[in-house]
Amino acid sequence: FNGDTAAANALDDYEEGTWTPNPHGYWNGGWRPLSFSSGSIVGATYTKVGRLVYFKCYFDGMTISGSGKNTYARIYSLPFQAANNGYGSGTMISHSNAFENTDAGSFYINPNGSDIIATRYGSDDYNYARWSNTDGFYMMVSGVYEAA
């Protein structure tokens, strides 16, 4: 405690807010936004302290309509652009059936970008994860990264 009041101890660079996750898939030679016939993305919030950004969201009962099923998975529109200093970010997926391939790994945040890229792992596999064909999929995502 460095002062007599709470204001004297406030962080100079602190922010809380909401963000709008924008799921994309890759087809016809490009990244395109997904369309959903059901479900919602809830709890999409962030906290920024200095250059560190913590974010989270929950995909609840999502059913992809149109061409996005079984396409490579990304989420665009993080609240801040990531620093361009390597892949030093942590993103966690838990409680999920959002991917077609059962060896879905985790997301990483593109340096100097504002997107999260889904990877997969398994026996000799390092490719991208694909969105699920399952109707009503769910996924919790949280992570932390350094803002530019």
* To do: Compute the longest continuous run of the chain that contains no exposed chymotrypsin sites (Phe, Trp or Tyr not before Pro); treat a site as exposed when its DSSP state is not H, G, I, E or B and it has at most 14 other Cβ atoms within 10 Å.
  => 2-86
* Structure fact -> Mean separation of Cα contacts under 8 Å (at least 6 apart) over the residue count of the chain, i.e. the relative contact order in percent, is 27
* Given that just one value was derived from the coordinates, which of (1) 0.97; (2) 1.05; (3) 1.00 is Rg/Rh (Cα atoms, Kirkwood Rh)? -> (2)
* To do: Would you please give the residues with an amide H less than 5 Å from that of A148, counting only those at least 5 places away or on a separate chain, with H modeled from the backbone geometry?
  => Q81, A82, A83
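Quick check for you: with a 1.4 Å probe and neighbouring chains kept, what is the accessible area per residue of the chain, in Å²?
On the way: 7860 Å² over 148 residues.
Normalised by residue count, the accessible surface of the chain is 53 Å².
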* Asked: How large, in percent, is the carbon and sulfur part of the accessible surface of the chain at a probe radius of 1.4 Å?
  -> 46
* Structure fact -> Subtracting the Cα-Cα distance of S67 and Y121 from 0.36 nm times their residue separation yields 17.0 nm
* List the residues whose amide H sits under 5 Å from the amide H of G25, counting only those 5 or more places along or on another chain, with H placed 1.01 Å from N in the peptide plane. => R32, L34
* Structure fact -> For T45, the residues 5 or more places away or on another chain with a placed amide H closer than 5 Å to its own amide H are W19, K56
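The values are calculated or read from the model by the stated rules, or taken from the named source; none is laboratory data. No experiment lies behind these values; they were computed from the predicted model shown. Neighbour counts are summed over all protein chains in view; Cβ atoms, including those assigned to glycine, are modelled from backbone coordinates with ideal geometry. All accessible areas refer to the heavy atoms of the entire protein, side chains included, with ligands and DNA or RNA removed. Shrake-Rupley method; radii C 1.70, N 1.55, O 1.52, S 1.80 Å.
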